[in-house]
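K.L.:
Got a structure for you, questions after.
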Amino acid sequence: MRAIELNGFGGPEVMALTDAPDPVPGHGEVLVEVAAAGVNRADLMQRQGLYPPPPGASELMGLEVSGVIAELGDGVSDWRVGDRVCGLLAGGGYAEKAVVPAAQLLPVPEGLDLGAAAGLPEVAATVWSNLVMTAGLRSGQLLLVHGGGGGIGTHAIQVARELGARVAVTAGSADKLRRCAELGADVLINYREDDFVATVRAEGSGADVILDNMGAAYLARNVDALADFGHLVVIGMQGGVNGELNIGALLRKWGTVHATNVRSRPATGHGSKAEIIAEVRRHLWPLVADGSVVPVIHAEVPLAEAAEAHRLMDSGDVFGKVVLRVQEL
């Protein structure tokens, strides 16, 4: 099969299209003929040598794919060869074929293009597990999403809207904020010009849930922006890894700080990828199927031009997701 491999670590130039051995599905896995693969910040970090795959995972980049099931491994009974699927994996998506645990697959709804479907599994798993399963976001609450124009941000706005929550977002341009508003964001904050703490607190008592991709740089201000009994969920480290936490401020608010990711979770059991995907399929997937929550795709880039996809992600000009089109199926 054709796949994107790394010739060392560094900039996009270390990525190369090459021939690689076909993967073989093991027990409880399926082989997917890949139509498209989502591009995520984790891929950029892996390319730079900052985020190695978990033990036993493919060394190839790519945490989500869409396509058609080509082969079933032992013990798989809920899926059939020929099913249109998208799925979550710990690595291996930048290729014409990928092995995916059957419990991490989702059916592609009728009428949804496979390219668009490739941009859903990672954001759906991240948003649902963090906003609902971890932070308990519910109707009437205020959610603050940092990076509202990103893949996770654009999905989180829609999910929160469907849950009946109000949504505040930060973004770096008026155009991105306008497009966030079109998705359902209520409070628009230009982080280059506005104080997000003051803006959020002006909406009432603060944010009940904060979904943060910045990490250390925003830690203190995020705590200041929290409402009483609020939940700060840190899912990224774009602003660094070492920050100072004012325990007193957190105590006064009875607040909670969570730090999570999806990639390194166990495959099965409590808090696992299988558990998250089951919850996504039960509660979120009907909203995808009826068009209430839609994938927001900024660009589709051919697999052979994966380096250009990474440059696009690095540019900061992306609204929504970038996907690699691997082949037409």
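K.L.:
Looking only at the range 136-151, how many residues end up being open to solvent by less than 10 Å² (accessible area, probe 1.4 Å) and small (G, A, S)?
P.N.:
Qualifying residue count for the region: 2.
K.L.:
Out of curiosity, is D224 assigned to a helix (DSSP H, G or I), of a type in the set (D, E) and touching a residue at least 12 places away in the same chain (Cβ under 8 Å)?
P.N.:
Judged against the criteria, D224 is a match.
K.L.:
Against the conditions (1) open to solvent by 30 Å² or more (accessible area, probe 1.4 Å); (2) touching a helix residue (DSSP H, G or I) at 6+ places or on another chain (Cβ under 8 Å); (3) in a helix (DSSP H, G or I), where does L188 fall short? Just the number, please.
P.N.:
Going through the list (1) open to solvent by 30 Å² or more (accessible area, probe 1.4 Å); (2) touching a helix residue (DSSP H, G or I) at 6+ places or on another chain (Cβ under 8 Å); (3) in a helix (DSSP H, G or I), L188 breaks only (3).
K.L.:
Given E122, E71, which one is of a type in the set (D, E, K, R) and either in a helix (DSSP H, G or I) or surrounded by 24 or more Cβ atoms within 10 Å (Cβ to Cβ) (or both)?
P.N.:
E122
K.L.:
Restricting to the range 152-175, name every residue that is of a type outside the set (D, E, K, R) and either open to solvent by 10 Å² or more (accessible area, probe 1.4 Å) or part of a loop (DSSP other than H, G, I, E, B) (or both).
P.N.:
I152, L163, G164, A165, G172, S173, A174
K.L.:
Which of (1) more than 24 Å from L44 (Cβ to Cβ); (2) over 17 Å from the mean Cα position of the chain (by Cα) is the odd one out, the single condition Q327 does not satisfy?
P.N.:
Unmet condition: (1).
K.L.:
If a residue has to be surrounded by 13 or more Cβ atoms within 10 Å (Cβ to Cβ) and either of a type in the set (G, A, S) or more than 16 Å from the chain's Cα centre (by Cα) (or both) to count, how many in the range 27-47 make the cut?
P.N.:
13
K.L.:
Which of the residues belonging to the range 92-107 are outside any strand (DSSP E or B), on the phi < 0 side of the Ramachandran plot and under 17 Å from the mean Cα position of the chain (by Cα)?
P.N.:
Selection gives G93, Y94, Q104.
K.L.:
Another one. For G26, which of the numbered conditions (1) at pLDDT below 95; (2) farther than 25 Å from G320 by Cβ; (3) of a type in the set (G, A, S) fails to hold?
P.N.:
Checking G26 against (1) at pLDDT below 95; (2) farther than 25 Å from G320 by Cβ; (3) of a type in the set (G, A, S), the one that fails is (1).
The values are calculated or read from the model by the stated rules, or taken from the named source; none is laboratory data. This structure is a prediction, so every number in the text was calculated from the model and none was measured. Neighbour counts are summed over all protein chains in view; Cβ atoms, including those assigned to glycine, are modelled from backbone coordinates with ideal geometry. Heads up: the accessible areas ignore ligands, DNA and RNA and are worked out on the full protein's heavy atoms, side chains in. Shrake-Rupley method; radii C 1.70, N 1.55, O 1.52, S 1.80 Å.
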